[in-house]
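Below is one structure; the comments refer to it alone.
The values are calculated or read from the model by the stated rules, or taken from the named source; none is laboratory data. Everything quoted here is computed from the prediction, not taken from an experiment. Backbone-built Cβ (ideal geometry, glycine too); neighbour counts: all protein chains shown.
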Amino acid sequence: MTGTEKVLVYEYRAGRKDEQPQIMTVSEVDEKVRKSCGSIQKTVMDITGKSVVTVRENDLRTPEQQAAWSSKPNSEANVASVTIPFMTRLAGKLTGRYTDLVILSAAKVVEGK
């Protein structure tokens, strides 16, 4: 992904409902993560051909965190359901964009680190 490329971004916040994904540039996403001083992390999820995306607890974790948390009973718990707006899906089909959903969430701590 390049700095000027537009991506679909979902900001997950526990307890908040009906959050809609936003379109941002990769540079804007990276700047937001950098300004958070480590309190926000970024993960990417493939959404090709989907109109509704189920975000699970594991989707909020980096690969290193997934390995550390895989044995936890709630690692596959559904934490959000994101509806991809129709016009965004249509633009994605016509241009090949928006095949990934960038998820911004609170940074997780890996036990023992």
Any residue in the stretch 49-61 that is in contact with a strand residue (DSSP E or B) (Cβ under 9 Å, 6 or more places away or on another chain), closer than 12 Å to GLU11 by Cα and not charged (D, E, K, R)? yes
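Given the residues THR54, THR25, THR83, THR48, which is the only one that is among the β-branched types (Val, Ile, Thr) and modelled with pLDDT under 90?
It is THR48.
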Which residues, taken from the stretch 3-55, are loosely packed, with under 13 Cβ neighbours inside 10 Å, of a type in the set (Val, Ile, Thr) and part of a loop (DSSP other than H, G, I, E, B)? THR4, THR48
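So which residues in the stretch 30-78 are aliphatic (A, V, I, L, M) and within 26 Å of GLY96 (Cα to Cα)?
The answer is VAL33, VAL44, MET45, ILE47, VAL52, VAL53, VAL55, LEU60.
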Determine the pairs where a residue that is part of a helix (DSSP H, G or I) and crowded, with 17+ Cβ neighbours inside 10 Å, located within the stretch 56-70, has a partner that is aromatic (Phe, Trp, Tyr) and at pLDDT 85 or above with Cβ atoms under 7 Å apart, the partner being 6 or more residues away or on another chain. LEU60/TYR12
